[in-house]
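K.L.:
One structure is given below, represented as structure tokens, and several questions about it will come after.
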Amino acid sequence: MIPALELHDVAKSFGPVRALSGVSLTVQAGEVHCVLGENGAGKSTLCNLVNGGVSLERGTMTLYGEPYRPSRPTDALAAGVAMVHQHFSLVPTLTIAENLLLAAGARLRPRRRELHEGLARIEETYGLSVPLDELAGHVPVGVRQQAEIIKCLLRDPRLLLLDEPTAVLGPADVDALLATCRRIAEAGKAVVLVTHKLGEVTRAGDSATILRGGTVAGAGPLAGFGAEDLVELMVGRPMSDLDPLLVASVDESATSREAARITAEPVFRAQGLTLSRADGTLALDGVNLEIAPGEIVGVAGVEGNGQSELVTVLSGAVPPGSGSFLLGEHDLTFATPRGRTAAGLGIIPEDRHHEGCVPAMSIAENLFLPRLSEFARRGLLDRSALHEAAARVIEEHGIRATGPSARMSTLSGGNQQKVVVARELALDPLVCLVAAQPTRGLDIGAVDAVLGRIRSAAQAGAAVLVISSELSELLALCHRIVVAYRGRLLGPVPAAAPQARDEIGRLMVGAAA
Amino acid sequence: MRTNAFVVYGGAALAALLAGALLALGGGASPLQAGAALWEGMFGSAYAIGSSLNTAAALGLIATGFTVAHRAGLVNVGGEGQLCAGGIAAAFAGVSLPDATPTLVALPLVLLVAFAAGGAWAAIAAWLKVSRGTSEVITTLLLNFVGLAMVLLVVHEEGLLRQPVTSSQTLPQSEPLIEGARLPLLGLEGSPATIAFLIAAVAAVAVAVLLRRTATGTRLTAVGHSVTAAARLGLPVRRLQFWSLTSAGGLAGMAGGALVATTPFVLAESFSSGYGFAGLVVGLLARGSLAAVAGVALLFGLLASGGMNLQLAAGVPASSVQIVQSLLTIFIAGAVILRRTS
Amino acid sequence: MSAFVELAEGGVRLAVPLLLASAGELVSERAGVLNLSVEGMMLTGAFAGAVGASMTGSPWAGVGFALAAGLLAALLQAVLSVTLRADQIVTGIAANALALGGTTYGARLFFTDGRSVPGFEPVLGPLTVLGCAGLAVVAAIGLLLSRRTGYGLAVDAAGADAVAADRTGLPVAAIRYGVVLLTGLTSALAGAQLALAEVHAFTDNLTAGVGYLAVVAVIAGRWRAWPTALACLFFGIAQALQFTAPLLGLHLPTAVLVMSPYLIALVAVSGLVGSSRAPAGLTVPFHRESR
Amino acid sequence: GGSPSGSSGSEAGASKLRVGVLFPGNLSDDGFMESSYGGYQRLEKAGQVELAKIEQVPAADYQQALSTLAAKSDLVVAFGGQTDAVLRQVAPTFPKVKFVEVGGPSDAVPLANLAYYDPKQADGGLLAGAYAALTSKSGKVAFVGGLELPAIVNTANEFAKGAKLAKDDIEVLAPQYVGDFNDVAKAKQAGQALVSGGADVFGQQLNLGRQGLVQAAGEGSGSVISGPLVKECGSETGVIGYAKTDTGAALEYAVKAALDGSWKAEQKAFGVASGLGASDLVLCGASPEVTAKLDEIKKQLASGAITTP
Ligand SMILES: Nc1ncnc2c1ncn2[C@@H]1O[C@H](COP(=O)(O)OP(=O)(O)OP(=O)(O)O)[C@@H](O)[C@H]1O
Ligand SMILES: Nc1ncnc2c1ncn2[C@@H]1O[C@H](COP(=O)(O)OP(=O)(O)OP(=O)(O)O)[C@@H](O)[C@H]1O
Ligand SMILES: [Mg+2]
Ligand SMILES: [Mg+2]
């Protein structure tokens, strides 16, 4: 049988960075082929090569037996290759229908009827559908993700590349997506799935290639690997070295722990926070929450139930319609971001590209931007002190980069996230940490590091609020978990309770509301 | 990187010179003669160099301001309008001060007023940017034309700045500035260079230090690259944007003040001479480097002197000089990609 | 009464070249390319149109010359801003200076005394055949590139998010080349309209800022077709008012009338009336491998 | 191309008078500057003096242009009033150089080495006004000017005066100022506005913009009195005459005066009364009565019976 895609000895560098070197890979038609690897291993680069987004430096590619060398995405599409990007590719100012119409190529008269037929077919085969008349920039990420996949499927591709498609989805959406992947493969096409989540790999994948530092660390049918083997190939150390709570997240079975006893007075107090959306509906509908020093509280829930809005209000990006937010003595309801930082509130934002960092600036600058005045000597900035401090953080947090002056944009997604986490944890004093999707897009080794740091921050006395779509992670990390449902917080559920998972599941669909 | 820049700009200049030689040939002058005339015009006399310095000072001030705003991600296309505002304000101050006001008082006052007026003119765009999100490229572009028309208005209306109309022959221009408000010469033998050059140099160095060596500079850079991230990280984004664009306007306004405080010391209709647009081009070509601002401003100043001598000594028409200058700009702008890719 | 008729006619006369130039510019800006060089393209078109008409004795041949020259000028802008990714504001300003110097130089060589430039005569009110043809072109652009057509969508996509458009499989560079060349054609037509239908001559700097006004009209129209057309008409009338005001017994300083289109545009964009959003990718060059 | 006068040229003509001329505007403006350049070209042909020129200078470079010219010349002539303020500063710094300003304020006080030559455009305006009134069929005439500058406003006033002088029931519409001497489209609009106001014969003080006015007048079957350059009658349709103002004659006069040592720092007028022939009205196809009436007015101007400011 002719393989769908074959890469032989390919290489690609960006300036001094060797993103891929000597990578070979074979994907068969009718299978879901998983590409795994730690952050910066070169997974996105690999996908972009196949999709024509970056140009090949060395090596050969064949597609269904024929030599293949796309120089732009259009070539790839013409050859029957479609890709869902790690960062989206819908035009935000056009409606979803218009975006989908464009995917069929620019014609004078858009073929609306064909589009509707195509959508009906896709809904029938894969059970996917999206609202057509909303602006792409205005719908929740989950919907956008579906629109992306539909956009690809409309082209009826022979090979579908999915770069971390599950990173931004809630558990239900993840299930749907993995099911879709299987169906696409069963329809005889080839699927390349990039993911960090081993649970997904075992559920949806047929075979896998594991990358490490731009080279292939292992490859073959998944049946031949155990979870331990995969983790070891990815991060280069045995799974037993990792935090047990991570192992929990890999196995998706909660380990029961002692219920921690927190007795201190709460420092974090949110009372009756409300926020309305542009269309008048309530994104936050009276949020009440108290967190004591040393306590870790998790917010679970299906995407779009007010979690993102809660973070924007807490971070000061948007003032609440009513209610108050206090941190110890400080009323931060309407404080500026700077005021919040001064009061000891650290925030790890959900969208690290737009909010969390300045991609065009160096790691050192990104790490210390809010505290530059500490490096001022007689009015001037002491750059060597800045770089020394940054080098220490890079070392300490295991950030993979060429040095403190490396531009943030040249880091892989996971390493960017590590920089953000490092900066927020470095607040002194850290009274409270709000972490939104802190492990999104991180490899398992990095997740281990980040969760460990959040826990030690709590042990050092910070009140921690974690918003995450990874229920297993929350169960393993938090003392109690609340569930966001239509702008309110339901619960709490003690994480250590034996039926916590079921209880949370019920709350997520509003059962106890 | 630096040698690379040198090669790129040198290549662009060479290409422009080649085009110039062809034009000179077409106009009947020998390229060699034209070259000699250009060289002589640029470096041939203390006078020419002094004039170039004056031009470079005005362009440099505008481009320095441009660079400050650009660092915060704002493109100040409004140099011409801000220059006009500064010139108008300087003229108002310079003609209404008592005649005996000493230079030490009058000159700083006039320049400050010009700075404030240029800043205020830019602040309109800055305010619209921070409060309503209106693109400053557009508002500052529009304000140019309004500023130019304002000059027309004040020099034509007697109630405003027009000199007292004693006969039907009175020219539509302001009265001359008082002695004390005029820019002193640098005092170089046979050179018309004023201290405007020193002012521009100080401004460029101060801004270079501000942008490269201070926390504020780094904050401006952060705002320039990502407004959302900078806001999230607690930087006073709106304040930084507002003041960076406003100071860009201030520096352009000061250039306007300097133009009015140089011979013939009056405000007249077309006093701005397109310097606002030229300064913008200098700023854009310099791409954020203050050293490049100084270099390109000097180059433009020298080219103006050289172009004049090309007409005088080689009989090359003004339009050919204009063609060569615009080609040079286009080549430099187009060659930037060579620096980017390498 | 006749003063009002004159005001309307005068307004329409200036509005035609403005409409033509801004029709192309609007499409171009929607696709993310700001052509400040509209002014230069118009001037080039006017010059070539006058030369062509004068040489062949046929105004239509002049229009042909103008279109060819406009394409050439636009090609320069397109190579600079799309392929070489040069700064659009610098190249726009410099291209205008180049066009001014070039046409002035050319006029010295070509328009020696006694060269007559045959032109078009009015057939419909103040409009000539060329003017009518120009309006038809504007209408065609409005229809073919509106957001209801696939081409219009592609243009908007390239301007709103070039990276996304590229990933969707749209040829971003080709789209941008196309719109700049289109701007060259319509601007050249606008220049020809000035030289051949309005003044039957070429003089140095014939366009005298009309091209900048066309860019301003797009801004004042907030990147939408109808408001832009309305802005063009309004600017035409504002300028005609400068000359009819004395007949109406109004004395306004010239400066006030000169600045009025710009003030109107300023109010329009400052969002005091409605909201205004420029295409997100306006003046941002597209490069696939950068991130 | 002009006359190249590099280092080799100056050696050959070391004994020649060196004349530097500043034209702040465009040499082919079909008006004031071109008329001035005409004088320059005539001098070039005559070859008696060594000439150099600078054209199209932005305001900020006036000082440099004048000083550069002065450093290399014995006589510097600057055209247009716009350089007045600078010229008054530069002239004293070159005491050995003679300066002439053509078209500056006619009431300015000459400096020791700075003379003012007034081309008297107002004379042409007066004559054009009279001619317009005599040929108007609608009984309404009008004047279109470029910028609202003193010399232009003067000419407009004299145009009205001349019209009334020739025919006292003539209606003179308020003058229009285009805001630019060279903007053809705007000049055409100004003309069209006046045509719709009823005017049929126009005086003007425009350069390149004049073509627009001629067309506007032609569309309304009116006519224009052209000038300051005189062209062959019948070479331009819609033009019934030329109000001649030869500003180049002032340059020639200055050169002649410098050569024969009669140059004075004076305020000198070149109007009809000066008898130098630099100002005149050329009629194209006028009836004998009109010609006679205008000859009479010209005589009165020449004798000083009528004066213009
Ligand atoms: N455009 C670029 N310029 C410079 N370096 C780049 C560029 N794109 C990728 N890199 C570098 O190439 C390497 C591989 O990056 P890539 O994005 O493929 O990693 P990844 O495996 O997708 O990581 P993640 O899991 O974090 O998404 C990284 O070191 C990254 O810093
Ligand atoms: N209407 C206005 N008129 C003039 N200046 C204004 C106006 N609005 C804002 N500014 C200027 O912009 C600056 C920024 O205002 P703003 O308070 O919104 O900034 P900020 O980002 O919240 O800063 P901080 O966090 O330090 O308070 C102000 O300091 C002021 O100088
Ligand atoms: Mg990736
Ligand atoms: Mg504030």
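The values are calculated or read from the model by the stated rules, or taken from the named source; none is laboratory data. Since this is a predicted model, take the numbers as computed values, not measurements. Here the Cβ is made from the backbone with ideal geometry for all residues, glycine too, and neighbour counts use every protein chain on show.
K.L.:
So, restricting to strands (runs of 3 or more DSSP E) that lie completely within the stretch A:1-91, which ones have at least 1 residues that are within 30 Å of C:Ala280 (Cβ to Cβ)?
P.N.:
Fully inside the stretch A:1-91 and qualifying: A:5-14, A:17-27, A:81-84.
K.L.:
Take the residues in the stretch C:1-54 that are more than 28 Å from C:Phe286 (Cα to Cα) and β-branched (Val, Ile, Thr); name whichever of them is surrounded by the most Cβ atoms within 10 Å (Cβ to Cβ).
P.N.:
The extreme case among them is C:Val16.
K.L.:
Here's a follow-up. Modelled with pLDDT under 90, among the charged types (D, E, K, R) and part of a helix (DSSP H, G or I) - does that describe any residue in the stretch D:10-30?
P.N.:
yes
K.L.:
Among the candidates A:Gln499, A:Gln459, which residue alone is free of Cβ contacts under 8 Å to residues at least 12 places away in the same chain and either more than 25 Å from A:Val174 (Cβ to Cβ) or not assigned by TED's automatic domain parsing to the domain that holds A:Ile399 (or both)?
P.N.:
None of the others qualify; the one that does is A:Gln499.
K.L.:
For A:Leu193, only one of the following conditions fails: (1) part of a helix (DSSP H, G or I); (2) away from chain C (no Cβ under 14 Å); (3) in contact with a His (Cβ under 9 Å, 6 or more places away or on another chain); (4) not β-branched (Val, Ile, Thr). What is its number?
P.N.:
So A:Leu193 meets the others, but not (1).
K.L.:
Just the residues that are within 21 Å of the chain's Cα centre (by Cα) and either closer than 16 Å to C:Leu98 by Cα or of a type in the set (Asp, Glu) (or both), please, taken from the stretch B:301-326.
P.N.:
Those that are within 21 Å of the chain's Cα centre (by Cα) and either closer than 16 Å to C:Leu98 by Cα or of a type in the set (Asp, Glu) (or both): B:Leu303, B:Ala304, B:Gly307, B:Val321, B:Gln322, B:Ile323, B:Val324, B:Gln325, B:Ser326.
K.L.:
Would you mind listing the helices (runs of 4 or more DSSP H) fully within the stretch D:76-171 where at least 3 residues are more than 12 Å from chain B (Cβ to nearest Cβ) and out of contact with any strand residue (DSSP E or B) (no Cβ under 6 Å at 6 or more places or on another chain)?
P.N.:
D:121-135, D:150-166
K.L.:
Please state which one of B:Ala63, B:Ala57, B:Ala85, B:Ala89 is more than 16 Å from ligand 2 (Cβ to nearest atom), within 14 Å of chain D (Cβ to nearest Cβ) and buried (at least 24 other Cβ atoms within 10 Å of the Cβ).
P.N.:
Only one candidate passes the filter, namely B:Ala57.
K.L.:
Residues in the stretch A:2-47 that are on the phi > 0 side of the Ramachandran plot and away from ligand 3 (no atom under 12 Å from the Cβ): how many?
P.N.:
4
K.L.:
Collect the residues in the stretch A:126-163 that are of a type in the set (Asp, Glu) and in a helix (DSSP H, G or I), keeping them in residue-number order.
P.N.:
A:Glu148 - this is the single residue of the stretch A:126-163 that is of a type in the set (Asp, Glu) and in a helix (DSSP H, G or I).
K.L.:
Using the structure shown, decide if A:Ser472 is within 22 Å of the chain's Cα centre (by Cα) and of a type in the set (S, T, N, Q).
P.N.:
So A:Ser472 passes the test.
K.L.:
Could you identify the single residue in B:Thr262, B:Thr246 that is away from ligand 2 (no atom under 16 Å from the Cβ), assigned by TED's automatic domain parsing to the domain that holds B:Gly119 and of a type in the set (Val, Ile, Thr)?
P.N.:
Selected residue: B:Thr262, the only one of B:Thr262, B:Thr246 that is away from ligand 2 (no atom under 16 Å from the Cβ), assigned by TED's automatic domain parsing to the domain that holds B:Gly119 and of a type in the set (Val, Ile, Thr).
K.L.:
Also, quick follow-up: Kindly evaluate C:Pro171 against the criterion of being touching a Lys or Arg at 6+ places or on another chain (Cβ under 6 Å), of a type outside the set (S, T, N, Q) and either over 25 Å from C:Gly57 (Cβ atoms) or surrounded by fewer than 24 Cβ atoms within 10 Å (Cβ to Cβ) (or both).
P.N.:
no
K.L.:
Another question, if that's okay. Which of (1) surrounded by fewer than 24 Cβ atoms within 10 Å (Cβ to Cβ); (2) hydrophobic (A, V, I, L, M, F, W, C); (3) within 16 Å of ligand 4 (Cβ to nearest atom) does B:Val223 not meet, given it meets every other one?
P.N.:
Condition not satisfied by B:Val223: (1).
K.L.:
Which of the following residues is assigned by TED's automatic domain parsing to the domain that holds B:Ile62, touching a residue at least 40 places away in the same chain (Cβ under 8 Å) and crowded, with 22+ Cβ neighbours inside 10 Å: B:Ala123, B:Ala117?
P.N.:
B:Ala117
K.L.:
Check off (1) more than 16 Å from the chain's Cα centre (by Cα); (2) away from chain C (no Cβ under 14 Å); (3) in contact (Cβ under 8 Å) with a residue 40 or more places away in the chain for D:Lys256 and give me the number that stays unchecked.
P.N.:
Unmet for D:Lys256, out of (1) more than 16 Å from the chain's Cα centre (by Cα); (2) away from chain C (no Cβ under 14 Å); (3) in contact (Cβ under 8 Å) with a residue 40 or more places away in the chain: (3).
Here's the yes/no breakdown for (1) in contact with a Lys or Arg (Cβ under 8 Å, 6 or more places away or on another chain); (2) on the phi > 0 side of the Ramachandran plot; (3) away from ligand 4 (no atom under 16 Å from the Cβ):
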{"position": "A:Gly294", "(1), (2), (3)": "no, yes, yes"}
{"position": "A:Val299", "(1), (2), (3)": "no, no, yes"}
{"position": "A:Ser315", "(1), (2), (3)": "yes, no, no"}
{"position": "A:His330", "(1), (2), (3)": "no, no, yes"}
{"position": "A:Leu372", "(1), (2), (3)": "yes, no, yes"}
{"position": "A:Glu388", "(1), (2), (3)": "no, no, yes"}
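K.L.:
Another question about this same structure. Against the conditions (1) within 14 Å of chain C (Cβ to nearest Cβ); (2) at pLDDT below 90; (3) under 20 Å from D:Ala122 (Cα atoms), where does D:Phe202 fall short? Just the number, please.
P.N.:
Condition not satisfied by D:Phe202: (2).
K.L.:
Here is a further query. Just to verify a result, which residue in the stretch A:425-436, among those that are surrounded by fewer than 24 Cβ atoms within 10 Å (Cβ to Cβ) and within 30 Å of A:Gly213 (Cβ to Cβ), is modelled with the highest pLDDT?
P.N.:
Selected residue: A:Leu425.
K.L.:
What is the number of the single condition among (1) buried (at least 18 other Cβ atoms within 10 Å of the Cβ); (2) away from ligand 1 (no atom under 12 Å from the Cβ); (3) away from chain C (no Cβ under 11 Å) that A:Asn51 does not meet?
P.N.:
Condition not satisfied by A:Asn51: (3).
K.L.:
Yes or no: the stretch B:272-283 includes at least one residue that is within 14 Å of chain D (Cβ to nearest Cβ), closer than 26 Å to B:Pro184 by Cα, of a type in the set (Gly, Ala, Ser) and surrounded by fewer than 24 Cβ atoms within 10 Å (Cβ to Cβ).
P.N.:
So far as the stretch B:272-283 goes, yes, one or more of its residues are within 14 Å of chain D (Cβ to nearest Cβ), closer than 26 Å to B:Pro184 by Cα, of a type in the set (Gly, Ala, Ser) and surrounded by fewer than 24 Cβ atoms within 10 Å (Cβ to Cβ).
K.L.:
Here is a follow-up. D:Val272 versus (1) under 30 Å from D:Ala46 (Cα atoms); (2) surrounded by fewer than 19 Cβ atoms within 10 Å (Cβ to Cβ); (3) of a type in the set (Val, Ile, Thr): which is the lone unmet condition?
P.N.:
That leaves (2) as the condition not met.
K.L.:
Within the stretch C:139-163, count every residue that is surrounded by fewer than 24 Cβ atoms within 10 Å (Cβ to Cβ) and of a type in the set (A, V, I, L, M).
P.N.:
7
K.L.:
Sticking with this one: Where the second residue is buried (at least 18 other Cβ atoms within 10 Å of the Cβ) and polar (S, T, N, Q) and the first is within 7 Å of chain C (Cβ to nearest Cβ) and lies in the stretch A:89-115, which pairs have Cβ atoms under 7 Å and are six or more apart or on separate chains?
P.N.:
From residues that are within 7 Å of chain C (Cβ to nearest Cβ), the pairs are A:Ser89/C:Thr168; A:Leu90/A:Asn99; A:Val91/A:Asn99; A:Leu102/C:Thr168; A:Ala103/C:Thr168.
For (1) within 16 Å of A:Gly441 (Cα to Cα); (2) within 9 Å of ligand 1 (Cβ to nearest atom); (3) out of contact with any Cys (no Cβ under 6 Å at 6 or more places or on another chain); (4) modelled with pLDDT of 85 or more, each residue gets a yes or a no:
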| residue | (1), (2), (3), (4) |
| --- | --- |
| A:Ala391 | no, no, yes, yes |
| A:Pro404 | no, no, yes, yes |
| A:Gly413 | yes, yes, yes, no |
| A:Val421 | yes, no, yes, yes |
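K.L.:
Take residues that are farther than 18 Å from A:Ala462 by Cβ and away from every other protein chain (no Cβ under 14 Å) and tell me which of the helices (runs of 4 or more DSSP H) falling wholly in the stretch A:307-424 contain 1 or more.
P.N.:
In the stretch A:307-424, the matching helices (runs of 4 or more DSSP H) lie at A:307-315, A:383-397.
K.L.:
Kindly establish whether A:Glu365 is more than 30 Å from A:Gly321 (Cα to Cα) and of a type outside the set (A, V, I, L, M).
P.N.:
When the stated conditions are applied, A:Glu365 passes them.
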